[in-house]
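Undergrad: Please see the structure below; I have some questions.
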Amino acid sequence: MTASELRKLLQPAAEAERLDLYARADAVRRARVGEEVHLRGLVEVSNYCSRQCHYCGIRADHREVTRYRMRSDEVLQCAQLAVKLGYGTLVLQAGEDPGLTRDAVAHLIRRLKSETPLAVTLSLGERALAELKAWRDAGADRYLLRFETSNEELYRRIHPPLRADAPDRFTLLGMLRDLGYEVGSGVMIGVPGQTFDDAARDLERCRELDLDMIGIGPYLPHPATPLGQRPPSAAPDQVPNSEEMTYLMLAGVRLACPATNIPATTALATLNAEGGRTSGLQRGANVIMPNLTPMEYRRCYEIYPGKRCVSEPPEEYDARLRAQLAALGRPAGCGQGASPNWQQRRGIAAAQ
Ligand code: SAH
């Protein structure tokens, strides 16, 4: 698909065009990553954060948040629950927390890898090369780091750097790839200031980065953040942060990156509690990340308000999800569920 084709599909002229796009994305999904829906248990291991991202509810300056950092044995209990529920991957997500030290995280990864059959995905923000390397050496399989928007000026505005000389997220994504991680990234949809040209460029950027996983979800304003409190006045070409726009981007990213693992995100489920995730699965997505964070910590990890999973215990959500998958005729994935994109990449590297 050319850049102008990608741009065009984000603003379908008629309903038939939109439905045709969804059908194409669903067919490409089926052909390239199959019918299985991979389930990843998400554990929000710490909400301490040293950053000031203008969109995020756990930014350092948000003083109302009760901060927590889970102990290793608590994370291991979540891992056991993931195994019991039949999930193949554990995702450890957190704010950018220096208290999650290189050695402590490496030790935790080693225990997870030796005591469970799970793939381990990290989503711990922008960390030093030595840390990323130590965690990979300890056995971490994947790393998620969204570039958030391809519009550099907008990115700088909403994501102030910690230090002027810190590597940007694109540089970090390259490092992660070189370290042998399966690499995930993605964007928010409808951040104030994001235009349709930006969104088309986001899709191109995902393709250029040759990503193995792509997470995209609607931007949801948080009232305790600068962007939530003082959004800039909307440009004429502003992308809406709507459910429909999220489906268009999901479908677009599936066509642009056919062999990639793409989740139907919690942010999408927050816009439509009943049908968000299942509709996502019919418009390009092939992954769901059920939340396994202990209930007492969940309300403290409100990166945006009304987060869908705050009140639903893991076993209950799992039962509901399995019924939804059965109704869709989609089997839950078995095993770790690495993306075909990565398997292909690794196969090529091995052959050389
Ligand atoms: N500290 C890690 C994990 C952040 S949470 C990191 O920065 O990579 C994971 C994702 O949640 C972010 O990458 C961002 O895309 C998304 N997010 C944060 N605030 C949001 C908001 N207000 N609305 C929607 N998505 C948000």
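Undergrad: What is the packing order of peptides 15-21, 28-34, 86-92, taking the mean over residues of other C-beta atoms within 10 Å and listing the highest first? Each step should come with its number before you reach the end.
TA: On the way: 15-21: 13.3, 28-34: 17.1, 86-92: 23.3.
Ranking, from highest mean packing down: 86-92, 28-34, 15-21.
Undergrad: Given the Cα-Cα distance of Glu274 and Arg230 and 0.36 nm per residue of separation, how much length would full extension add, in nm?
TA: Working: separation 44, 0.36 × 44 = 15.84 nm, distance 3.05 nm.
Value of the extension gain: 12.8 nm.
Undergrad: Would you calculate the volume per residue, in Å³, of the smallest convex hull containing every Cα atom of the stretch 88-168?
TA: Details: hull volume 7.8 nm³, N = 81.
Given the Cα convex hull of the stretch 88-168, per-residue volume reads 97 Å³.
Undergrad: Provide the percentage of antiparallel DSSP beta bridges, counting only those with both residues in the chain; round to the nearest 5. Present the calculation step by step, with values, prior to reporting the outcome.
TA: Working: 2 of 31 bridges.
Bridges in the chain that DSSP calls antiparallel: roughly 5 percent.
Undergrad: Another one. Give the long-range amide H neighbours of Arg40: residues separated by 5 or more places, or on another chain, with amide H under 5 Å away, using H modelled in the peptide plane at 1.01 Å from N.
TA: Ile288, Met289
Undergrad: Taking the alpha carbon gyration tensor of the stretch 163-315, what are the square roots of 5 times its eigenvalues, largest first, to the nearest whole Å?
TA: Values: eigenvalues 107, 85, 68 Å².
Over the Cα atoms of the stretch 163-315, the semi-axes work out to 23, 21, 18 Å.
Undergrad: Highest mean first, how do 140-148, 220-228 rank when packing is the count of other Cβ atoms within 10 Å averaged over residues?
TA: 140-148, 220-228
Undergrad: Based on the alpha-carbon set only, what is the convex hull volume of the stretch 203-248 divided per residue, in Å³?
TA: Per-residue hull volume (Cα only) is 118 Å³.
Undergrad: Need one number: convex hull volume per residue for the stretch 1-117, Cα atoms only, in Å³. Don't skip to the answer; put the middle values down first.
TA: Values: hull volume 23.4 nm³, N = 117.
With only Cα atoms used, the stretch 1-117 gives 200 Å³ per residue.
Undergrad: Going by Cα centres, the stretch 52-68 and the stretch 2-41 are how many Å apart?
TA: That distance is 35 Å.
Undergrad: Continuing with this model, one more query. Work out the length of the dipole vector of the chain about its Cα centre, built from +1 on the beta-carbon of each Lys and Arg and -1 on the beta-carbon of each Asp and Glu, and round it to the nearest 20 debye. Show your work: numbers first, answer last.
TA: Working: 45 positive and 44 negative charges, 94 e Å.
In total the dipole reaches around 460 debye.
Undergrad: Roughly how many Å is it from the Cα centre of the stretch 121-147 to that of the stretch 188-248, as a whole number?
TA: Measuring centre to centre over Cα atoms gives 24 Å.
Undergrad: Report, in deg cm²/dmol and to the nearest 500, the calculated mean residue ellipticity at 222 nm for the chain, where each DSSP H run with n ≥ 4 adds -39500 (n - 2.57) and the sum is divided by the residue count. Don't jump to the answer; show the numbers that get you there.
TA: On the way: 15 runs with 153 residues, N = 352.
It lands at -13000 deg cm²/dmol.
Undergrad: Which cross-chain or sequence-distant (5 or more) residues have an amide H under 5 Å from the amide H of Ala332, H modelled 1.01 Å from N in plane?
TA: Counting only residues 5 or more places away or on other chains, the set is Val37.
Undergrad: Find the cysteines in the chain that fail to meet the 4.7 Å Cβ criterion with every other cysteine, and list them.
TA: Cys49, Cys78, Cys206, Cys257, Cys300, Cys309, Cys334
Undergrad: For the stretch 63-121, what size does the Cα cloud have along each of its three principal axes, sorted from largest down, in whole Å?
TA: Sorted largest first, the three principal extents are 37, 24, 18 Å.
Undergrad: Rounded to two decimals, what ratio of Rg to Rh does the chain give with C-alpha atoms and a Kirkwood Rh?
TA: Numbers: Rg = 18.9 Å, Rh = 20.3 Å.
Here the Rg-to-Rh quotient is 0.93.
Undergrad: If you don't mind, another one. Using 0.36 nm per residue of separation minus the Cα-Cα distance, give me the extension gain between Thr171 and Arg63 in nm, one decimal. Numbers along the way, then the final one.
TA: On the way: separation 108, 0.36 × 108 = 38.88 nm, distance 3.11 nm.
Result: 35.8 nm gained on full extension.
Undergrad: Also, I was wondering about something else. In the stretch 24-141, what % of DSSP beta bridges are antiparallel (nearest 5)? Don't skip to the answer; put the middle values down first.
TA: Details: 1 of 12 bridges.
About 10 percent, rounded to the nearest 5.
Undergrad: Going toward the positive end of the dipole of the stretch 59-155, with +1 on Lys and Arg Cβ and -1 on Asp and Glu Cβ, which of Leu81, Thr121, Leu132 do you reach last?
TA: Going by the Cα projections, it comes out as Leu81.
Undergrad: What residues qualify as long-range amide H neighbours of Ala119, i.e. H under 5 Å apart, gap of 5 or more or another chain, H built at 1.01 Å from N?
TA: Thr89, Leu90
Undergrad: If the cut-off is a Cα-Cα distance under 20 Å, which lysines reach Lys133, setting aside same-chain residues fewer than 8 apart in sequence?
TA: Partners found: Lys113.
Undergrad: What is the Rg over Rh value, at two decimals, for the stretch 196-276, using alpha-carbon atoms and the Kirkwood definition of Rh? Intermediate values should be presented prior to the final figure.
TA: Working: Rg = 13.7 Å, Rh = 13.9 Å.
Rg divided by Rh gives 0.99.
Undergrad: About the Cα centre of the stretch 88-159, what is the dipole size in debye to 20, counting +1 per Lys and Arg Cβ and -1 per Asp and Glu Cβ, all else neutral?
TA: On the way: 11 positive and 11 negative charges, 40 e Å.
For the stretch 88-159, the charge dipole is close to 200 debye.
Undergrad: With N residues in the stretch 131-199, what two-decimal value do you get for its Cα radius of gyration over 2.2 N^0.38 Å? Walk me through the intermediate numbers first.
TA: Values: Rg = 13.8 Å, N = 69, 2.2 N^0.38 = 11.0 Å.
Cα Rg divided by the expected 2.2 N^0.38 Å: 1.25.
Undergrad: Something else now. Just to be sure I understand the model, the point goes 7 Å from the Cα along the line to the Cβ. What's the resulting Gln80 to Arg24 distance in nm?
TA: Between Gln80 and Arg24, the simple spin-label model gives 5.0 nm.
Undergrad: Right, here's the next one. Quick one: 3J(HN,Hα) in Hz for the stretch 88-97, Karplus 6.51/-1.76/1.60 with θ = phi - 60°, rounded, Gly and Pro as x.
TA: After applying 6.51 cos²θ - 1.76 cosθ + 1.60, I find x, 9, 10, 10, 9, 10, 7, x, 7, 10 Hz.
Undergrad: So for the stretch 275-352, what are the equivalent ellipsoid semi-axes in whole Å, largest first, each being the square root of 5 times an eigenvalue of the Cα gyration tensor? Could the numbers behind the result be given before it?
TA: Values: eigenvalues 172, 65, 30 Å².
Semi-axis lengths for the stretch 275-352 are 29, 18, 12 Å.
Undergrad: Pop the C-beta distance of Lys8 and Arg32 into the FRET formula with R0 = 22 Å and round what comes out to the nearest 0.05. Working shown, then result.
TA: On the way: r = 22 Å, r/R0 = 1.00.
Given R0 = 22 Å and the Cβ-Cβ separation, E is 0.50.
Undergrad: Calculate, for Ser311 and Glu244, the FRET efficiency according to 1/(1 + (r/R0)^6) with r their C-beta to C-beta distance and R0 30 Å; round to the nearest 0.05.
TA: Details: r = 26 Å, r/R0 = 0.87.
Between Ser311 and Glu244 the formula returns 0.70.
Just so you know, all these numbers are worked out from the coordinates, no wet-lab data involved. Every value quoted in this text rests on a predicted model; they were computed, and no experiment measured them. Virtual Cβ from ideal backbone geometry, glycine too; neighbours counted across all protein chains shown.
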